[in-house]
1. How would you classify segment 126-202 from its alpha-carbon gyration tensor, with a ≥ b ≥ c the square roots of the eigenvalues: rounded for a/c under 1.5, else prolate if a/b is greater than b/c, otherwise oblate?
2. Please give the calculated 222 nm ellipticity per residue for the chain, where each DSSP H segment of at least 4 residues contributes -39500 (n - 2.57) and the sum is spread over every residue; nearest 500 deg cm²/dmol?
3. Give me the distance between the Cα centres of segment 329-351 and segment 171-247, rounded to whole Å.
4. For every other residue with a beta carbon closer than 15 angstrom to the beta carbon of residue 139, add +1 if it is Lys or Arg and -1 if Asp or Glu, then tell me the sum.
5. For segment 1-143, which whole-number percentage of the solvent-accessible area (1.4 Å probe, protein heavy atoms only) is attributable to carbon and sulfur atoms?
6. Report which label in [x] 114; [y] 137; [z] 176 holds the value of volume of the Cα convex hull per residue in Å³ derived from the coordinates of this structure.
7. Can you list the residues, at least 5 places off or on another chain, whose amide H is less than 5 Å from the amide H of residue 185, using H built in the peptide plane?
8. Return the carbon/sulfur percentage of the accessible area of segment 187-243, one whole number, probe 1.4 Å, all protein chains in place.
Amino acid sequence: MAVWDDLVGQERAVQQLTAAARDADAYVTAEAEKGGSAVLSGSAMTHAWLFTGPPGAGREQAARAFAAALQCVSPDRALGGSPGCGFCEGCHTTMVGTHADVTVVRTDLLSIGVKETRALVREAQMSPAGGRWQVIVLEDADRLTEGAGNVLLKAVEEPAPRTVWLLCAPSTEDVLPTIRSRCRHLSLRTPPVEAVADLLMRRDGIDPETAAFAARATQGHIERALRLATDERARARRQAVLKLPGRVDDVGGALRAAQELIDAAAEDAKQVAEELDAKETEELRAALGAAEGKRLPRGTAGAMKELEDKQKRRSTRTQRDSLDLALSDLTAFYRDVLARQLGSSVALSHDESATQIGQLAATSRPEQTLRRIEAVLECRRALDRNVAPLLAVEAMTMALRAG
């Protein structure tokens, strides 16, 4: 299976990346043969890439697949085959995350700071240990602080000869202009629902009915579709969110719905904390030399405090991500309502709520639905501005009530 097989609905991007991987392979081969005199300029390959696209488009998967193709050592290349076979050691170790020359950086915090970025830049200056390229995949480039972006700029501007930066962000506007101007931009699109359903069946063994439901409900978002298809709790939370439009008929109902939405997001954060925090804390205690049930050695309290701060920031992001998912479902719900009001024959994203959608479409006007969609979007913007989540969601539910 080639490394590109999971990039559903991205044929144009795959063509560009395949051409770049071929030129990169030719460059490394020529460099080895000519003693370092090969030239990369003018080819389809470059040292810095920016992958953008809407949530669920597969930005991170595209970057990883490209990294694997750059490290491909398949003998078929000598016979005219394209890099990225998916079976050789270079491809396999990159895709499973164990290749020594491929660093994948993601964060479960709200931002990536200067300290972490400087460590990346130092690593990027090193020559490949055994692979063909030193590849840095930064999955959350949009979360770089301004200071971290300035640190990264120099490395992207003057990269080491065999280093490749692969940055991922929702849009070019989420990256500093000075950085994006030095990257080759690759834009991905939302995959078709049918292609996502096929991927879930082929890759994950999901039955056809569940795969079709999950792909349609998440509007082509691959990761969310997989979670919805495999996690009963995710399906239950989604059903609770879809009932919210029918519970905001009065002020009390609107405020209760807001509080329940916040509580559900907090429960998500708590579940993540239960899974990770205890393990991280115990591992750090062991690394610091603290015996089980005993006090920490002197001088190590700062390390524990740093871990606790990190865990709090992760909890905040988990809660924000959970709220964002709920707001995405609400937006899709009102989009279905608007489609019915305008007489569109487009398929419903939430066909299991067809009765509720039809009732709301019949008892309200399209302009009210548009205002409700705008209220949901404004809530998302408020959360991005660090407005207190409960205040933002209460404002939204009151706006949904007013219509």
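The values are calculated or read from the model by the stated rules, or taken from the named source; none is laboratory data. What you see is a predicted model, and the numbers here were worked out from it, not measured in a lab. Cβ sites come from the backbone with ideal geometry, for glycine too, and all protein chains shown count toward neighbours. Accessible surface areas use protein heavy atoms only, side chains included; no ligands, DNA or RNA. Shrake-Rupley method; radii C 1.70, N 1.55, O 1.52, S 1.80 Å.
1. Values: a/c = 2.74, a/b = 1.45, b/c = 1.88.
Verdict is oblate for segment 126-202.
2. -19000 deg cm²/dmol
3. When both Cα centres are located, 17 Å separates them.
4. On the way: positive: 59, 64, 106, 143, 317; negative: 60, 108, 116, 140, 142, 174, 223, 321.
With Lys, Arg at +1 and Asp, Glu at -1, the net is -3.
5. 53
6. Calculated volume of the Cα convex hull per residue in Å³: the matching label is [z].
7. Close amide H contacts, sequence-distant or interchain: 50.
8. 53
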